[in-house]
Amino acid sequence: MPEIFINGVAVEAREGATVLETALEHGFYIPYFCWHPNLSVHGNCRICTVEVEADGGGWLDIACNMPVSKGMRILTDSEKVRARRKQTMQFLTLNHPVDCGICDKAGECMLQDHHVAYNGSPPAATSLAAGDTQALMTVAPALLPMIQSGRVKLLGATSTKRSEVLKDVPTLAEQGYPGFEALAWNGLFAPAGTPAELVRKIAADVDAVLRDPAVREALAKQGLVAGGGTPAEFAAFIEAESRKWGAIIRDAGITLD
């Protein structure tokens, strides 16, 4: 079995294996979209680019179609690799066809499921309306103007109740996902040493404002639902949210990196 080096770590590769297969088998991450283990290699997406180190200079190549050879040195996340993948991703997100023949044969398309990160909801909503991305889950205020102008179609609400300003849009729970709820919420916090009496006074004042019909109506027009309540009720809500999402994060193996 030939020995190669991936990010400086020596690993043994199967005879006839590719760099991508070897990396995946040994726990090294290399992104890929058009490669599928049961199909022939196409190498169309080129997102699996890696850097091959060599005396006198290396080169970039796609890992899915590169057979391993004894002593080869591979970098999966060098500066050159990251730059090339960024360029490739920009091209793919704009040009990958929905009816891709490779994806149809494989029965899946990881590119269509790819998460595109944006710096906030407004640019993500703009991208969706322009057709650069195909789906978005975000807060209502960012999408309301585009929904109302017909540039974006809302498929479902993630709350347990229908929105007051979008009453004709069913919840996901109504569409076959009972109990589904995913909310973005905002709350008012104070430093840990704030006197309890002052916390109760501030909470009561805020609660009174949120119960004002004019305030509730103004918030509703933006797709927001007024909350309110006591500090104890808010603390219980945070605890419940932490338990729910904490379990999902652990089960899915989600990490910050």
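Values in this text are rule-based calculations from the coordinates and carry no lab data. All figures in this text were calculated on a predicted structure; none of them were measured in a lab. Cβ sites come from the backbone with ideal geometry, for glycine too, and all protein chains shown count toward neighbours.
With each label point set 7 Å from Cα along the Cα-Cβ vector, what nm distance links A240 and S40?
5.7
Let me check I've understood the local charge: for E174, count other residues with C-beta under 11 angstrom from its C-beta, Lys and Arg +1, Asp and Glu -1. What total comes out?
+2
Test of understanding: express the Cα radius of gyration of the stretch 1-64 as a ratio to 2.2 N^0.38 Å, with N the residue count.
Here the Cα radius of gyration is 1.12 times the empirical estimate.
Where in the stretch 208-243 does the label zone of E164 land, with the point 7 angstrom along Cα→C-beta and an amide N cut-off under 18 Å?
Backbone N within reach: 208-229.
Normalised by the number of residues in the chain, what is the relative contact order in percent for Cα pairs under 8 Å and 6+ residues apart?
12
Taking loop as defined by DSSP and a crowding limit of 15 other beta carbons within 10 Å, which chymotrypsin sites (Phe, Trp or Tyr not before Pro) in the stretch 20-66 fit?
Answer by residue number: Y29.
At 7 Å along the Cα-to-beta-carbon direction for both R14 and A190, put a label point, then send me their distance in nm to one decimal.
So the two model labels end up 6.3 nm from each other.
Tell me the volume per residue, in Å³, of the convex hull enclosing the alpha carbons of the chain.
189
Would you list the P(r) distribution for the stretch 156-196, with all Cα-Cα distances sorted into 10 Å bins from 0 and each bin expressed as a whole %?
The percentages, shortest bin first, are 28, 33, 15, 17, 7.
Please report, in whole Å³, the volume per residue of the convex hull around the C-alpha atoms of the stretch 185-252.
Residue-normalised Cα hull volume stands at 100 Å³.
Could you compute the net charge surrounding A157? Neighbours are other residues with a C-beta less than 12 Å from the C-beta of A157; K and R count +1, D and E count -1.
For residues surrounding A157, the net value is -1.
Helix-only estimate, please: 222 nm mean residue ellipticity of the chain, summing -39500 (n - 2.57) across DSSP H runs of length 4 or more and dividing by its residues, to the nearest 500.
That comes out to -11500 deg cm²/dmol.
What residue among T230, V11, C48 has its Cα farthest toward the positive end of the dipole of the chain, where the charges are +1 on Lys, Arg and -1 on Asp, Glu, each on the Cβ?
T230
How far, in nm, would the chain grow between A204 and F91 when pulled straight, counting 0.36 nm per residue and subtracting the alpha carbon separation?
35.4 nm
What FRET efficiency comes out for K221 versus D77 if R0 is 45 angstrom and r is the Cβ-Cβ distance? Round to the nearest 0.05.
0.45
Looking at the chain as a GNM with Cα springs under 10 Å, which of A204, A196, A226 has the largest mean-square fluctuation?
Largest GNM mean-square fluctuation: A196.
When the chain is modelled as a GNM with alpha-carbon springs shorter than 10 Å, which of I30, I202, I47 fluctuates the most?
Result: I202 has the largest fluctuation of those listed.
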